[in-house]
Amino acid sequence: MARIVMKFGGTSVANLERIRHVAGLVAAEVADGHQVAVVVSAMSGETNKLVGFVDELDADSANGGAIEDEYDAIVATGEQVTSGLLAIALRRRGVKARSWLGWQIPLKTDMAHSVARIEDITPDNLDASMTDGNVAVVAGFQGISEDGRISTLGRGGSDTSAVALAVALSADRCDIYTDVDGIYTTDPRIAEQAKRLDRISFEEMLELASLGAKVLQTRSVELAMNNNLPIRVLTSMAEDGVANPGTLVCHEDDTMDERVVSGVAYSRDEAQITLLRLADKPGTVAKICGVMSDANIIVDMIVQGRSRAENAANLTFTVGKRDLPKALEALESAKGKVGFEGIKSDSNVTKVSIVGIGMRSHTGVAQTMFEALAERNINVEVIATSEIKISVLIDSEYTELAVRALHNAFELQNA
Ligand code: ASP
Ligand code: MG
């Protein structure tokens with residue numbers, strides 16, 4: 001007998017028919033003699049709808065003040081519905097099951113409403129119920145904050161609920177069911193030749209997730225890596241018996257770094273800011289980063305270049321698209337303090353990245369990348385690298401072209 005955590009995303013529980021299908025997948029594991037905890041997302045589209053309600057009311061008045069605590073109370077309801085529905089569907093198949101909300105477990109989080117972090121899970125009650133033969137159907141995405149209020153874990157957070165629960169329950173497996181049948185070398189909607197990977201390392205997955213591949217929430221990969229919990233990503237869409245084994249996300253092994261590059265990711269959620277004619281002296285960049293962090297804005301890629309004016313530099317950096325207005329406002333008001341002459345910005349940019357642990361031991365990767373882009377006349381605005389990735393910022397118009405060019409250049413169709 002094994003203990004299994006199965007997680008189902010929004011499209012997997014999109015309607016009652018899908019929920020019945022999921023109940024069948026869960027029932028099959030139970031019939032094999034396993035103890036099962038299931039983590040569910042809201043029905044697809046539901047969370048966006050709830051967020052829409054909040055945004056609409058929020059726009060009503062100029063009276064400021066935080067509302068994230070109530071945002072959480074509202075958006076967490078989507079998962080409450082699916083956990084109850086799946087528990088009923090299981091009972092109607094003759095499988096013992098009950099729903100669990102975050103506070104009932106309890107899954108405790110910090111106070112950062114709408115982007116809370118899990119602090120502690122006490123699985124004793126859940127454990128006892130599972131040992132009694134009940135399937136635990138857990139509402140993902142939600143927890144209870146230190147002051148006893150409902151909290152949520154950030155968009156895509158039920159992946160993190162599943163991994164955290166698997167760790168707390170010392171599960172033997174954590175299976176994440178979604179609408180794609182695994183992790184692909186790139187987005188198959190852009191490059192038809194994209195291939196499903198059998199295995200990928202935690203580190204590569206972490207980079208791909210944070211660089212824009214949306215299959216897993218970044219935090220869930222971090223958590224799995226830190227606890228050495230392999231995750232299997234697979235589809236819930238296949239009819240019985242024909243599902244493939246998906247992709248295993250696990251610690252790297254010897255076979256993995258034979259592949260120089262494992263994936264090409266892209267993110268359109270970028271905006272570029274250039275500060276013109278900055279004082280070229282120690283401390284200027286620190287000041288700018290200070291202005292951004294005071295405004296709670298994450299700065300991603302940074303590049304500094306000479307300005308034509310003497311003793312001056314231009315600084316270009318990127319922030320999330322949503323943060324652009326806030327960033328420009330903060331910079332304008334700090335103009336005198338920081339010392340620069342002008343600001344330019346562009347939100348029509350995409351970050352395209354290649355990721356692979358094989359880059360550590362292979363040379364010529366950057367050359368291949370930049371040649372492939374140059375051959376298509378794609379201009380690179382900003383570059384950022386780490387040991388296992390190279391990212392470039394380009395005009396959004398060339399996103400598809402760049403992704404396909406890189407997928408080809410690294411022969412990922414043979415991955
Ligand atoms: N329903 C939440 C969202 O849409 C959480 C999740 O699906 O993981 O972000
Ligand atoms: Mg998701």
Using a/c under 1.5 as the rounded threshold, could you call segment 94-189 rounded, prolate or oblate? The axes a ≥ b ≥ c are square roots of the C-alpha gyration tensor eigenvalues, and prolate needs a/b larger than b/c, oblate otherwise. oblate
Quick one: among Thr255, Thr363, Thr235, which has the greatest mean-square fluctuation in a GNM of the chain with alpha-carbon springs under 10 angstrom? Thr255
Can you work out the accessible area per residue across the chain, with the rest of the protein chains kept in place, probe 1.4 Å, in square angstrom? 46
Find which of Gly356, Leu126, Ile19 sits farthest along the positive direction of the dipole of the chain, computed with +1 on the beta-carbon of Lys and Arg, -1 on that of Asp and Glu, about the Cα centre. Ile19
Rh_Kirkwood(the chain) over Cα pairs, Å, one decimal, evaluates to 23.1
Assuming a ≥ b ≥ c are the square roots of the Cα gyration tensor eigenvalues, decide whether segment 183-250 counts as rounded (a/c under 1.5), prolate (otherwise, with a/b larger than b/c) or oblate. oblate
How many angstrom lie between the Cα centre of segment 359-411 and the Cα centre of segment 244-303? 15
Distance cut-off 26 Å, percentage of C-alpha pairs in segment 262-415 lying past it: 33
Is there a quick way to get the dipole size of the chain? I mean about its Cα centre, with the Cβ of Lys and Arg at +1 and of Asp and Glu at -1; what is the value in debye to the nearest 20? 200
Kirkwood Rh, segment 28-79, all Cα pairs: how many Å? 13.5
What FRET efficiency do you get for Asn377 and Ile190 if R0 is 25 Å and r is their Cβ-Cβ distance, rounded to the nearest 0.05? 0.85
In degrees rounded to 10, the 0-90 angle between helix 16-31 Cα long axis and the longest Cα principal axis of the chain is 70
Can you compute the helix-only [θ] at 222 nm over the chain? Use -39500 (n - 2.57) per DSSP H run of at least 4 residues, normalise by all residues, nearest 500 deg cm²/dmol. -10000 deg cm²/dmol
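With all protein chains present, how much of the accessible area of segment 299-345 (probe radius 1.4 Å) comes from carbon and sulfur, to the nearest whole percent?
Summing carbon and sulfur atoms, their accessible area is 44 percent of the total for segment 299-345.
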Counting only protein heavy atoms and a 1.4 Å probe, tell me what percentage of segment 136-258's accessible area is made up of carbon and sulfur. 46
Positive end of the charge dipole of the chain (Lys, Arg +1 and Asp, Glu -1 on Cβ, about the Cα centre): tell me which of Leu169, Ser145, Ile88 has its Cα farthest that way. Ile88
Using only the alpha-carbon atoms, how far is helix 158-168 inclined from the longest principal axis of the chain? Give it as 0 to 90 degrees, nearest 10. 60
Model label zone, Ser333; criterion: amide N under 15 Å from point 7 Å along Cα-to-beta-carbon; scope segment 56-74: 64-65
Multiplying the sequence separation of Arg360 and Arg98 by 0.36 nm and subtracting their Cα-Cα distance, what value in nm do you get? 89.5 nm
Cα long-axis angle, helix 284-294 against the chain (0 to 90 degrees, to the nearest 10): 30
In whole Å, how far is the Cα centre of segment 1-16 from that of segment 140-207? 12
Sorted largest first, extent of segment 365-415 alpha carbons per principal axis (Å): 29, 24, 16
If I model a spin label as a point 7 Å beyond the Cα along the Cα-Cβ vector, how far apart are those points for Lys49 and Ile88 in nm? 1.5
For a test of the definition: using alpha carbon positions, the gyration tensor, and the 1.5 limit on a/c, classify segment 2-131 as rounded, prolate or oblate. oblate
What figure, in Å² to the nearest 10, do you get for the accessible area of Ser158 with a 1.4 Å probe and non-protein molecules left out? 10
Whole-percent carbon and sulfur contribution to the accessible surface of segment 60-112 (1.4 Å, no ligands, DNA or RNA) stands at 53
Dipole of the chain, positive end: most advanced residue of Gly157, Ile298, Ala213 [Cβ charges, Cα centre]: Ala213
At a Förster radius of 30 Å, what calculated FRET efficiency corresponds to the Cβ-Cβ distance of Met237 and Arg149, to the nearest 0.05? 0.25
Can you give the charge dipole size of segment 42-164 about its Cα centre, rounded to the nearest 20 debye, using +1 on the beta carbon of Lys and Arg and -1 on the beta carbon of Asp and Glu? 880
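The values are calculated or read from the model by the stated rules, or taken from the named source; none is laboratory data. Note that the coordinates shown come from a computational prediction; the quantities given were computed from them, not determined experimentally. Every residue, glycine as well, gets a Cβ built from its backbone with ideal geometry; the counts of neighbours run over all protein chains shown. The protein model used for the area step is the full one, side chains on, heavy atoms only, and it has no ligands, DNA or RNA in it. Shrake-Rupley method; radii C 1.70, N 1.55, O 1.52, S 1.80 Å.
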